[in-house]
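Novice: Can you keep this structure in mind? I'll have questions shortly.
The values are calculated or read from the model by the stated rules, or taken from the named source; none is laboratory data. All figures in this text were calculated on a predicted structure; none of them were measured in a lab. Note that we place each Cβ from the backbone using ideal geometry, even for glycine, and neighbour counts take in every protein chain shown.
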Amino acid sequence: MLITGQSNHAGTTPMRLRHDAGYCAAEIGTFARRIAREFSGAQVGTVGSITLHPNLINVIAARARVTVDLRNTDDTILVQAEQRLADFLAQLRRDEGVKIETHSLARFAPVIFDKTSRH
């Protein structure tokens, strides 16, 4: 997904005026983990990549590219988890005044894990 906010100086921009794509990326990462805990069982969630622009120490990120991987062995539960993420993204857009564009990179039918395999 691509999050578009507004770049500003980190030291002089008040928190109430920020549209921070980096913050939103971090929130998405913690929400993916929250979904996995909430649905428990076979639900997993990972943010595999976050890229910020500009990627500078004292600049609020204008853009963030984020990948989210949600998986579950039960497709019905997976669809629920995906909807929770979509709802969260809509709320994040409103709360932070950012644009969030999403697209699916891949969607596979759930696979049952081998109960005899050792991790």
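Novice: Determine if the range 87-109 includes at least one residue that is outside any helix (DSSP H, G or I), more than 20 Å from R65 (Cβ to Cβ) and at pLDDT below 90.
Specialist: Yes, the range 87-109 contains a residue that is outside any helix (DSSP H, G or I), more than 20 Å from R65 (Cβ to Cβ) and at pLDDT below 90.
Novice: Answer yes or no as to whether P14 is out of contact with any strand residue (DSSP E or B) (no Cβ under 8 Å at 6 or more places or on another chain), in contact (Cβ under 8 Å) with a residue 12 or more places away in the chain and surrounded by fewer than 18 Cβ atoms within 10 Å (Cβ to Cβ).
Specialist: no
Novice: Can you find even one residue in the range 35-43 that is in contact with a helix residue (DSSP H, G or I) (Cβ under 7 Å, 6 or more places away or on another chain), in a helix (DSSP H, G or I), surrounded by 12 or more Cβ atoms within 10 Å (Cβ to Cβ) and modelled with pLDDT of 95 or more?
Specialist: Among the residues of the range 35-43, at least one is in contact with a helix residue (DSSP H, G or I) (Cβ under 7 Å, 6 or more places away or on another chain), in a helix (DSSP H, G or I), surrounded by 12 or more Cβ atoms within 10 Å (Cβ to Cβ) and modelled with pLDDT of 95 or more, which makes the answer yes.
Novice: Of the residues A81, A25, A61, A32, only one is in a loop (DSSP other than H, G, I, E, B), buried (at least 19 other Cβ atoms within 10 Å of the Cβ) and modelled with pLDDT of 95 or more; which?
Specialist: Checking each option against the conditions leaves just A61.
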